[in-house]
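Enquirer: I'd like to ask some things about the structure below.
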Amino acid sequence: MSFPEINLIAALREEHDFIDQAMGSLYHWSLKGREADPGARKLWVEFLLHYVHEFHHQREEEMLFTTLVSKLELRPDNGPIRILREEHEQELELARELAQAEDGDEIAKIAVEIARHVWEHLDKENSVAFAEGNERLVRLGIRSLDDREMTPVEAAARKAVETLIERWSPMDDPDHIRGDGCMPCYAYGESCGGVEKEWWNQWDWERMDNFQG
Ligand SMILES: [Fe+2]
Ligand SMILES: [Fe+2]
C-alpha cells in the first residue's frame, strides 16, 4: 500500500537532498578546502544556523513533530521524536563549535563530525519519522500540513552553500556507514524502544501478521 506524500514532508525531503549534498561538500572542504578557502567556514556556520536550524528544524519540530505527537498520541518525551529533537540541539551546538574553533585541525575535526551527525540524522528522518509519520497521518485523513516560505536570511544562507557545493564537490566519507531504520541508531534499545515499540498500534501489528501470512 502506498500513501501520497503530505506537502510538508515532501518539502522537507527535498531539503534533505540538498543538505545531504551540502554535508558531502563540507566533508570535502574539511579535507582540502580549510586552508585554501578559509572564508567558507563562516558560510557553513550560517547555513547550519539559519537554513538547517532556523528554517528546516523549526518546521520539522513545530509543524510536523507537534502534529505527529498530538494526532498519533505519542509521548513527546520519549521515542524517535525525542531523539530527533535532541539531535537538532546537538547539531546547533556543533555549529557553534565550528564557529568558535581556532585550531585548523580542530576545525576539520568538527566539520567531519557535523557531516556524520547530519547524515545519520537525515537517514533516520527519511526512513523512520517521515515514512512512518506520513503513512499514519494519511491514514487519519491528513493530506496537508502548514508550511512557510524561507526568510531572506535563510534563503541567502542556502544560496551561499549552492556556490560552495560547486566549488567543493560533494564526497562520501569512507569511514561513515549509512543505514536506514532504527537499527543503526545509537539510542535503539538504550533510551528509545524504536518506532515499532513506540509508535505501532494494533492495526500495524495485525497488518504485519497478515503480511507474514
Ligand atoms: Fe531533523
Ligand atoms: Fe530534517
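Enquirer: Counting only helical runs of four or more DSSP H residues, what would the 222 nm mean residue ellipticity of the chain come to if each run contributes -39,500 (n - 2.57) and the total is spread over all its residues?
Expert: It comes out at -18000 deg cm²/dmol, rounded to the nearest 500.
Enquirer: Taking segment 73-139, which GluC sites (Glu not before Pro) meet the DSSP loop condition and have no more than 16 other C-beta atoms within 10 Å?
Expert: E73, E102
Enquirer: Roughly how many nanometres apart are two label points built 7 Å out from the Cα toward the Cβ at R148 and H176?
Expert: Modelled inter-label distance: 2.8 nm.
Enquirer: Tell me the label-point distance for the pair E61, L140, using the 7 Å Cα-to-Cβ offset, in nm and rounded to one decimal.
Expert: Between E61 and L140, the label points sit 2.1 nm apart.
Enquirer: Next question, about the same structure. With a cut-off of 8 Å between alpha carbons and a minimum separation of six or more residues, what is the relative contact order of the chain in percent?
Expert: On the way: 195 pairs, mean separation 87.0, N = 213.
Worked out over the chain, it gives 41 percent.
Enquirer: How much length is gained if the chain between D37 and R85 is pulled fully straight, taking 0.36 nm per residue apart and subtracting their Cα-Cα distance, in nm to one decimal?
Expert: 14.1 nm
Enquirer: Taking only complete DSSP H runs, can you tell me which helices of the chain stretch 20 Å or more along their own long axis by Cα positions and average at least -1.0 on the Kyte-Doolittle scale?
Expert: 7-28, 79-100, 104-124, 152-167
Enquirer: Also, I was wondering about something else. A11 to W200: FRET efficiency via 1/(1 + (r/R0)^6), r the Cβ-Cβ distance, R0 22 Å, to the nearest 0.05?
Expert: Numbers: r = 26 Å, r/R0 = 1.19.
Calculated transfer efficiency: 0.25.
Enquirer: A further question follows. Suppose accessible area is computed on protein heavy atoms with a 1.4 Å probe; arrange L72, L26 from highest to lowest. Numbers along the way, then the final one.
Expert: Working: L72 35, L26 0 Å².
In descending accessible area the options line up as L72, L26.
Enquirer: Rounded to whole Å, give me the distance from the Cα center of segment 50-110 to that of segment 149-213.
Expert: 12 Å
Enquirer: Are there chymotrypsin sites (Phe, Trp or Tyr not before Pro) in segment 145-213 that DSSP marks as loop and that have at most 12 other Cβ atoms within 10 Å, and which are they?
Expert: Y186
Enquirer: Okay, moving on. Run the reach check for K159 against aspartates and glutamates, Cα to Cα strictly under 14 Å, same-chain hits fewer than 8 apart removed. What comes back?
Expert: Result set, ordered by chain and number: E15, E46.
Enquirer: Please report the accessible area of D180 (heavy atoms, 1.4 Å probe, ligands and nucleic acids excluded) in Å², nearest 10.
Expert: Accessible area, nearest 10 Å²: 110 Å².
The values are calculated or read from the model by the stated rules, or taken from the named source; none is laboratory data. Everything numeric here is computed off the predicted structure, so don't read it as measured data. Please note: Cβ atoms are built from the backbone with ideal geometry, for glycine as well, and neighbour counts cover all protein chains shown. For the accessible areas, the whole protein counts, side chains as well, though only heavy atoms, and no ligand, DNA or RNA atoms are used. Shrake-Rupley method; radii C 1.70, N 1.55, O 1.52, S 1.80 Å.
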